[in-house]
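Asks: I'd like to ask you about the structure that follows.
The values are calculated or read from the model by the stated rules, or taken from the named source; none is laboratory data. Everything numeric in this text was worked out from a predicted model, so none of it was measured. Methodologically, a virtual Cβ is constructed for each residue, glycine included, from the backbone with ideal geometry; neighbour enumeration extends over all protein chains shown.
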Protein chains: 2
Amino acid sequence: MTAPVTSLPFERVGIVGLGLIGSSIARALRKSGSARAIVAIDRDEAVQARVSALGIADSVTGDAAAGVAGCDLVILCVPVMANAAIAEQIGPHLAPGAIVSDVGSVKGAVVRDIAPHLAEGVHFVPAHPVAGTEHSGPDAGFAELFANRWSILTPPAGTDPAAVERVRALWSAFGSNVEIMTPEHHDLVLAITSHVPHLIAYNIVGTAADMETVTESEVIKFSAGGFRDFTRIAASDPTMWRDVFLTNKDAVLEMLGRFNEDLAALQRMIRWGDGEGLHALFTRTRAIRRGIIASGQETAAPDFGRHAGLSAPKEPGA
Amino acid sequence: MTAPVTSLPFERVGIVGLGLIGSSIARALRKSGSARAIVAIDRDEAVQARVSALGIADSVTGDAAAGVAGCDLVILCVPVMANAAIAEQIGPHLAPGAIVSDVGSVKGAVVRDIAPHLAEGVHFVPAHPVAGTEHSGPDAGFAELFANRWSILTPPAGTDPAAVERVRALWSAFGSNVEIMTPEHHDLVLAITSHVPHLIAYNIVGTAADMETVTESEVIKFSAGGFRDFTRIAASDPTMWRDVFLTNKDAVLEMLGRFNEDLAALQRMIRWGDGEGLHALFTRTRAIRRGIIASGQETAAPDFGRHAGLSAPKEPGA
């Protein structure tokens, strides 16, 4: 009989990139007791200083090669186009048997960019926690960011099941639900649930800013009519999102094509006064929101609970 | 010297249509002491029963002609395409000197539909409170819905300034800021700040629901990546929104044309790998959100405060 595999804790976890996600992982590791030591690795000296001041890691360094030495888990938390260079840099310094993971919003490109730099005996378990806020940087993170959210793992075929199990255990310890799928399917699912929504949000905020007949002050004043809901995700980190669109190009363009076709049909309904068609679509879309609320991925409070503390209306009965 | 005009309270306010907005007005009237009596008028017997049970009006009737008799203010709170029939019905029963107002999200069509049915000596002061939630019906309303939101008045040229002043005083008593503009400008401003955002939200939720390679369960699970933000406004009242698009067709199609042009440019940037162009747009859009938060039209809490109660991150410094 072999000794049972102990999934958690990890002995030494290296986090590369201490932004919103990386700093939230550091906090969640400590809160859940999932790491005996946390090494924060960030080339930005201002970030290093903030991480030290916040006290969310046991050591802080700008030297990635030295930082990953002796780690049994290294998580890359950088914009996805930065992965290749970091993987190349840390590859030779990873301990045999170490697990490398990441948190990228695109998985096909991440597998292509990271895997070639890892020696045999190093396990690669890509991950994507589907969670975030519009804020960036080490001060924006918090340990509960991943609670009740889904994390997707996309291990390449043949990955050691014990390594996958340890990463799964880690995300479970953070309060996440975990699902495993192929990188290709991940990129398709996220294109419609995340990437295209961000693109559209960025786009309409840009369109509004360019109006010559409506002032920016008017856009801001009257944003409670719907516009402001788009501005939250349009305030997300520009570098991260540039990389997402450049690395998940095919799936984004495919989904955007469908969006455009559907929008053209809606536009036509408006032009020709097809009230029945509009009403039918507007009724159908309510069901999806009910599903999202029922699944715990959203608050049922009206207006996202912006009126929290005021007399709380009930769910609509009719 | 004449006696000073007393703006508030009104003696008897008739509210036609007790949905989210109408029932919120009833509550706000009572809370602010702006009406000596409130008459709730709704042809739907289920709504009449709820309004009676909630006790938010002094009397409840399904007979609009009888309900408006003796009112010095009547506010139509129905989908905009229902206004013409109601105005025709109540026109002959309005007291001389009474003020008629509404809350429609489109103002050009409202003026066209209502004004012809009002006798000389009846004042018409159209209004649009830019506030709402995704919930519908009399149970969804609350008195604070209009607090710190903007209400737009679009009185036709030549409207009695005293009548305009009384309506302005009313919205101020509800906690709203008030702005006056032409119906045409209103419809342009709201097309970009409210109507097109709703259309796009309805559209992407529909596109996601129609995927054959991504299941509805996946769309729901992974909606925290951005998609769920769109589902809130895509859960708004279908009849109200059908009417908005049919009655503000020209401005919506104009704004949608601009949106489409901009999206085509973004799509091209993705296809050709123009990272600089994407980054430049994604950076620019952050400023608009800062403006919206600074103006009090939005909460600065990350993720719309969905994480309220957890450790609150600071505003991003970098």
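Asks: If you take the residues in the stretch B:225-240 that are among the hydrophobic types (A, V, I, L, M, F, W, C) and buried (at least 24 other Cβ atoms within 10 Å of the Cβ), which one is farthest from B:Gly104 (Cα to Cα)?
Replies: Within the stretch B:225-240, the match that is farthest from B:Gly104 (Cα to Cα) is B:Phe227.
Asks: Give the residue, chosen from B:Asp274, B:Asp303, that is closer than 30 Å to A:Ser176 by Cβ and surrounded by fewer than 23 Cβ atoms within 10 Å (Cβ to Cβ).
Replies: B:Asp303
Asks: Could you run through the stretch A:180-220 and say how many residues are within 7 Å of chain B (Cβ to nearest Cβ) and outside any helix (DSSP H, G or I)?
Replies: 3
Asks: How do the pairs read when you match residues in the stretch B:112-128 that are in the same structural domain as B:Asn248 (by TED's automatic domain parsing) with residues anywhere that are surrounded by 23 or more Cβ atoms within 10 Å (Cβ to Cβ), using Cβ under 9 Å and keeping only pairs 6 or more apart or on different chains?
Replies: none
Asks: Something else: In the stretch A:90-104, is there at least one residue being assigned to a helix (DSSP H, G or I) and among the polar types (S, T, N, Q)?
Replies: no
Asks: Mind checking which residues of the stretch A:271-288 are closer than 20 Å to B:Ala251 by Cα and out of contact with any helix residue (DSSP H, G or I) (no Cβ under 7 Å at 6 or more places or on another chain)?
Replies: A:Trp272, A:Asp274
Asks: May I pose another question? Would you kindly identify the helices (runs of 4 or more DSSP H) lying entirely within the stretch B:1-85 that contain at least 3 residues that are more than 30 Å from B:Phe245 (Cα to Cα)?
Replies: In the stretch B:1-85, the matching helices (runs of 4 or more DSSP H) lie at B:20-32, B:45-54.
Asks: Right, next: Could you please find all residues in the stretch B:105-134 being part of a loop (DSSP other than H, G, I, E, B) and within 14 Å of another protein chain (Cβ to nearest Cβ)?
Replies: B:Ser105, B:Val106, B:Lys107, B:Val130, B:Ala131, B:Gly132, B:Thr133, B:Glu134
Asks: Hey, any hits in the stretch B:47-68 for a residue that's more than 14 Å from chain A (Cβ to nearest Cβ), under 30 Å from B:Ala191 (Cα atoms), surrounded by 24 or more Cβ atoms within 10 Å (Cβ to Cβ) and among the hydrophobic types (A, V, I, L, M, F, W, C)?
Replies: The answer is no; no qualifying residue exists.
Asks: If the requirement is being under 30 Å from A:Arg306 (Cα atoms) and touching a His at 6+ places or on another chain (Cβ under 8 Å), which of these qualifies: B:Leu145, B:Leu76, B:Leu54?
Replies: Within the list B:Leu145, B:Leu76, B:Leu54, the selection yields B:Leu145.
Asks: Considering each residue of the stretch B:261-293, count those that are aromatic (Phe, Trp, Tyr) and more than 7 Å from chain A (Cβ to nearest Cβ), and give that number.
Replies: Here the count works out to 1.
Asks: Sticking with this structure for a sec: Mind telling me which of the residues A:Arg232, A:Arg258, A:Arg242 ends up being closer than 22 Å to B:Asn148 by Cα and within 7 Å of chain B (Cβ to nearest Cβ)?
Replies: Going through A:Arg232, A:Arg258, A:Arg242 in turn, the sole match is A:Arg232.
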